[in-house]
Amino acid sequence: MKTKMSFLSWSLSAATLILLAGMFAGCGGNQGKAGPSAVSGDAASAVYVPPGQYDEFYAFMSGGFSGQVGVYGLPSGRLLRVIPVFAVDAEKGYGFNEETKPMLETSFGFVPWDDAHHPELSQTNGETDGRYLFINGNNTPRIARIDLTTFETAEIIEIPNSGGNHSSPFTTENTEYVVAGTRFGVPYPQKDVAINTYAENFKGVLSFISVNKEDGDMDVAFQVLLPAFDYDLAHSGKGDSHGWTFFTTYNTELKHTLLEVGASQHDKDYIAAVNWKLAEKYIAEGKFKEIPANYRDNSYSDETHMATSKKVDKVRVLLPEDCPGLVYFLPTPKSPHGVDVDPTGEYIVASGKLSADLTVHSFKKMLAAIENQAFETTISGIPVLKYEDVVAGVVKEPGLGPLHTEFDGKGNAYTTFFISSEVVKWKVGTWEVLDRAPTFYSVGHLMIPGGDSKKPQGKYLVALNKITKDRYLPTGPELTQSAQLYDITGDKMKMLLDFPTVGEPHYAQGISADRIVPNSKKFFPLEENKHPYRALGEKEARVERSGKDVHIYMTTIRSHFAPDNIEGVKVGDRVYFHVTNLEQDWDVPHGFAVQGANNAELLIMPGQTETLVWYPKNEGVIPFYCTDFCSALHQEMQGYVRVSAANANTPLVWSLGEPEPEQ
Amino acid sequence: MKALPRLCMVLATAGILGLFLFPMWKIILYAPQYPTGVQMNIWINKIDGTEPGTLQNVNILNHYVGMKYIEPDAIPELKYFPMVILVMAGLGLLAAAINKKSLYLTWLIIMVLLSILGFYDFYLWEYDYGHNLSDTAPIKIPGASFQPPLIGTKEILNFTAVSLPHIGGYLAGAGIFFSFLAYWFRRKQ
């Protein structure tokens, strides 16, 4: 054991040395790295959006371990909103109020956190259409759909038989599907087996989630059962390659321990190319297996203002050995991370993160190789194509640690290099490096608005950095991650701005503001409110008791609650505050907080009803108040609940204002 | 052009019937928090605004200074003004049928008188809303009135209030002018 450990530490140290040497080599090669700023003179005016003016683009950045999505304006980098998705958010009551709790239900129960990685905008004809933003939850595999008329999470679907939903959600050209792929091989279906039986018992599953054209509703359409590789990232084809989705793999070595060494041994791993149009045919022909499953599909309604959690108990699975032509493996150096399809749909760029070069496959060559059936081998019934038959070109020694590529729509590609901490611009077709720009520091993904669609809007590039070290005022041991904005309209990339982000932005999406602004909702019409506990006017405000449950139908309007005096509540009751905001004006939410609540506040948009549960624990008179500065008399917007002993006879009464004195 | 007076009188009638298709007056309130303004529309038979919630929003603003709620159901004019206009439209068509210049002139004079009365009534309502303030208003400003202008622009605390005719008002005005033309052309014949 001892000898083994020291061998491991030796090889790790050797690996570290090689990486360090690489980093220095990378630095030496970067003539453009001009000190910590590297900003040229007119950058300030290029990102200056005058007070009161709108930004040109929205940028949606994942929050990573914050579980949320940050919405920024570009080019200013101003933070506009944080959308709660996979993590509870006390500020908005998300996951704390009764209406949104079902959004975070899973087969494991209430899971109030996840690791949100890759935002992806819905597309029509391969162009971002501004309807939805999808994002994956990595830890407890899920995909969320955010409605971009409200900037609220509208649906969260759990992915069954998966572990670590990393290669997700990456839409198809008309948002027919978003995809999911397991980053961990897991027993399929889950069972109690020895971990070292990985090779025989573990599987890797790719999932295709259909998106309803009309209302966006997601369902797990089918899964494809593959070897237990780690499926890392994905992108769907476009144009001619529409109908295919490409997934990168690593750990084709099928290791289950010390992967950093074990999963880095093969010179080439694979891109799994899945023909989902053919999958639809096989499904229609009934060539699937329906297997028992257990997962949740949670939807939020803007009419009832409530989420419901639906249990689903089966899933359709396609086995490649029963479905010839469904999946092919494209050998690709080495532990590829990003797989990115250029705007024409012809080139598939694989960022082999441990490779010295960047590999680009040709879709046409792939089809020809399939046609010729010249396979290198087959793995679990899946043909492996020959590297030489599919490769279109190689970008030679562009940098170290390539991760992810996007396109500007003018024939150029931009790839991030984590280890050498730079963005490299190269020409699609000639594979020559055109420019390189440093990032501060250790860039992960990058984003060009529409940069993974058929029609990139190649004006800006945003680099998403993992490490900031000395870039901002220090804030103790934990530092922010950052985004860096570059102007990419010229031959050379020009850094304009860097700004801190919410959580860790793993990926981002950008879109012209004019594709979203016209559809942005201002408030919810009261007459459409179908919440079962709504009160659509002060006349409907009331208190009802059933056993130990007390339902308070409360309304808010500037600047009072109705009712604001409530008596007859007792210790041991469960009190529901169902608060309807009667306002019908833009930007007039009201908040609700009651002393001693064990959950959070409510933040109720105009026309909405939200519910806070409260357990009165002691006798007394307990204040509540409005938490969102709503008006000149906001500070007066308050009230009381009288709490009596459990056995008291205090009558249940409620009121607003003192009775008119009798004349 | 023997039919010209009749045609004008029919147009006059159509003009005042336009009051049922378009608002006759608008009052717009601008403030820093309302950069695009809150626009209230006054129709012959109702009061609303450019947004479904406009009236509620105006009432919310008004209640801080103790102004009465604008409740269209409590304004009887919105019930009987439409009747008056319908009767005048009927009389207009009758006048066109008979085609006498004295009738055209009479219709014109009645409409002008009705318009003056209407404006006076509008002024009285504005005066009442602007001056008849609740004793328990949260915000009291000694000597201040919140009466919007009859026509034109006026600064009221943090608001700029603009009061102007709307399409229906212009159509009715054009209608009255056409009744004058009917009279004029008939006299020339």
Revision key, fill the gap. The one condition A:THR556 fails out of (1) loosely packed, with under 13 Cβ neighbours inside 10 Å; (2) farther than 30 Å from A:GLY77 by Cβ is (1)
Exercise for review: Might you let me know whether region A:645-656 holds any residue that is within 44 Å of the chain's Cα centre (by Cα), aliphatic (A, V, I, L, M) and not in a helix (DSSP H, G or I)?
Suggested key: no
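Quick one: in region A:571-588, which of the residues that are hydrophobic (A, V, I, L, M, F, W, C) and more than 14 Å from every other protein chain (Cβ to nearest Cβ) is surrounded by the fewest Cβ atoms within 10 Å (Cβ to Cβ)? Talk me through it step by step, then tell me what you get.
Step one: filter region A:571-588 for residues hydrophobic (A, V, I, L, M, F, W, C), giving A:571, A:575, A:577, A:579, A:582, A:586, A:588.
Add one more test, that the residue is more than 14 Å from every other protein chain (Cβ to nearest Cβ), and what stays is A:571, A:575, A:577, A:579.
Values: A:VAL571: 16, A:VAL575: 24, A:PHE577: 26, A:VAL579: 27.
Applying the filter and picking the extreme gives A:VAL571.
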Review point. List the pairs whose first member sits in region B:54-65 and is facing chain A (nearest Cβ under 10 Å), whose second member is among the hydroxyl-bearing types (Ser, Thr, Tyr) and not in a helix (DSSP H, G or I), and whose Cβ atoms are under 7 Å apart, counting only residues at least 6 apart or on separate chains?
Key: B:ASN59/B:TYR69
Exercise for review: Could you identify the single residue in A:ASN174, A:ASN196 that is in a loop (DSSP other than H, G, I, E, B) and assigned by TED's automatic domain parsing to the domain that holds A:ILE159?
Suggested key: A:ASN174
Practice item. From the list A:PRO563, A:PRO606, pick out the single residue that is within 14 Å of another protein chain (Cβ to nearest Cβ), in contact with a strand residue (DSSP E or B) (Cβ under 6 Å, 6 or more places away or on another chain) and touching a residue at least 60 places away in the same chain (Cβ under 8 Å). Key: A:PRO606
Practice item. Find all pairs meeting these conditions: Cβ atoms under 8 angstrom apart; at least six residues apart or on different chains; first residue within region A:629-644 and within 14 Å of chain B (Cβ to nearest Cβ) and under 24 Å from A:ARG542 (Cβ atoms); second residue buried (at least 18 other Cβ atoms within 10 Å of the Cβ) and of a type in the set (A, V, I, L, M). Key: A:CYS630/A:VAL588; A:CYS630/A:MET637
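Condition test on A:ASN165, is it modelled with pLDDT of 95 or more and touching a Gly at 6+ places or on another chain (Cβ under 8 Å)? Spell out the reasoning first.
Values: modelled with pLDDT of 95 or more: yes; touching a Gly at 6+ places or on another chain (Cβ under 8 Å): yes.
Yes; evaluated as a whole, the condition is true for this residue.
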Check your understanding: Does any residue in region A:228-248 that is on the phi > 0 side of the Ramachandran plot come within less than 7 Å, Cβ to Cβ, of a residue that is in a strand (DSSP E or B) six or more places away or on a different chain, and which pairs are these?
Key -> A:GLY243/A:ASN275
Review point. Only one of B:LYS101, B:LYS79, B:LYS46, B:LYS2 is away from chain A (no Cβ under 14 Å), surrounded by fewer than 19 Cβ atoms within 10 Å (Cβ to Cβ) and touching a Phe, Trp or Tyr at 6+ places or on another chain (Cβ under 6 Å); which?
Key: B:LYS101
Revision key, fill the gap. Scanning region B:20-43 residue by residue, the ones that are surrounded by fewer than 20 Cβ atoms within 10 Å (Cβ to Cβ), within 14 Å of chain A (Cβ to nearest Cβ) and not in a loop (DSSP other than H, G, I, E, B) total 5
Exercise for review: Might you let me know whether region B:144-157 holds any residue that is among the aromatic types (Phe, Trp, Tyr) and either outside any loop (DSSP other than H, G, I, E, B) or within 14 Å of chain A (Cβ to nearest Cβ) (or both)?
Suggested key: no
Exercise for review: Quick one: in region B:147-189, of everything that is polar (S, T, N, Q) and over 18 Å from B:TYR30 (Cβ atoms), which residue is modelled with the highest pLDDT?
Suggested key: B:SER179
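So that you can scan it fast, the table gives a plain yes or no per residue for (1) part of a loop (DSSP other than H, G, I, E, B); (2) aromatic (Phe, Trp, Tyr):
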residue	(1), (2)
A:PRO505	yes, no
A:LYS521	yes, no
A:GLU544	no, no
A:TYR553	no, yes
A:ASP585	yes, no
Check your understanding: Among the residues of region A:211-224 satisfying the criterion of being farther than 12 Å from A:GLU155 by Cβ and touching an Asp or Glu at 6+ places or on another chain (Cβ under 9 Å), which is surrounded by the most Cβ atoms within 10 Å (Cβ to Cβ)?
Key -> A:VAL220
Check your understanding: If we keep just the residues of region A:432-461 that are crowded, with 20+ Cβ neighbours inside 10 Å and of a type in the set (Val, Ile, Thr), which is farthest from A:ASP487 (Cα to Cα)?
Key -> A:VAL443
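Just to be sure, is A:LYS289 charged (D, E, K, R), more than 22 Å from A:HIS242 (Cα to Cα) and free of Cβ contacts under 8 Å to residues at least 24 places away in the same chain? Let's see the steps before the verdict.
Working: charged (D, E, K, R): yes; more than 22 Å from A:HIS242 (Cα to Cα): yes; free of Cβ contacts under 8 Å to residues at least 24 places away in the same chain: no.
No: the conditions fail for A:LYS289.
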Practice item. Those residues that are under 20 Å from A:PRO320 (Cβ atoms) and either buried (at least 19 other Cβ atoms within 10 Å of the Cβ) or modelled with pLDDT under 95 (or both), I need them from region A:173-197; list them, please. Key: A:TYR177, A:VAL179, A:ALA180, A:GLY181, A:THR182, A:ARG183, A:GLY185, A:VAL186, A:TYR188, A:PRO189
Check your understanding: Only one residue in A:LEU233, A:LEU206 is in a strand (DSSP E or B) and not assigned by TED's automatic domain parsing to the domain that holds A:LYS101. Which one?
Key -> A:LEU233
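If we only count strands (runs of 3 or more DSSP E) wholly inside region A:297-360, which ones have 3 or more residues that are touching an Asp or Glu at 6+ places or on another chain (Cβ under 7 Å) and within 30 Å of A:LYS425 (Cα to Cα)?
Working: elements: A:306-318, A:327-332, A:336-341, A:347-352.
It comes to A:336-341.
Is one or more of the residues making up region B:119-133 away from chain A (no Cβ under 14 Å), assigned to a loop (DSSP other than H, G, I, E, B) and in contact (Cβ under 8 Å) with a residue 24 or more places away in the chain? Steps first, please.
Keep residues of region B:119-133 that are away from chain A (no Cβ under 14 Å), which gives B:119-133.
Filter once more, keeping what is assigned to a loop (DSSP other than H, G, I, E, B): B:132-133.
Going one step further and asking which of them are in contact (Cβ under 8 Å) with a residue 24 or more places away in the chain, we end up with B:132-133.
Checked region B:119-133: at least one residue is away from chain A (no Cβ under 14 Å), assigned to a loop (DSSP other than H, G, I, E, B) and in contact (Cβ under 8 Å) with a residue 24 or more places away in the chain.
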Study note, to complete from the structure: Exactly one of A:GLY568, A:GLY591, A:GLY503 is buried (at least 21 other Cβ atoms within 10 Å of the Cβ), away from chain B (no Cβ under 14 Å) and either touching a helix residue (DSSP H, G or I) at 6+ places or on another chain (Cβ under 9 Å) or on the phi > 0 side of the Ramachandran plot (or both), and that residue is A:GLY503
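The values are calculated or read from the model by the stated rules, or taken from the named source; none is laboratory data. Worth saying up front: this structure is predicted, and the values here are computed from it rather than measured. Cβ: placed from backbone, ideal geometry, glycine included. Neighbour counts: every protein chain shown.
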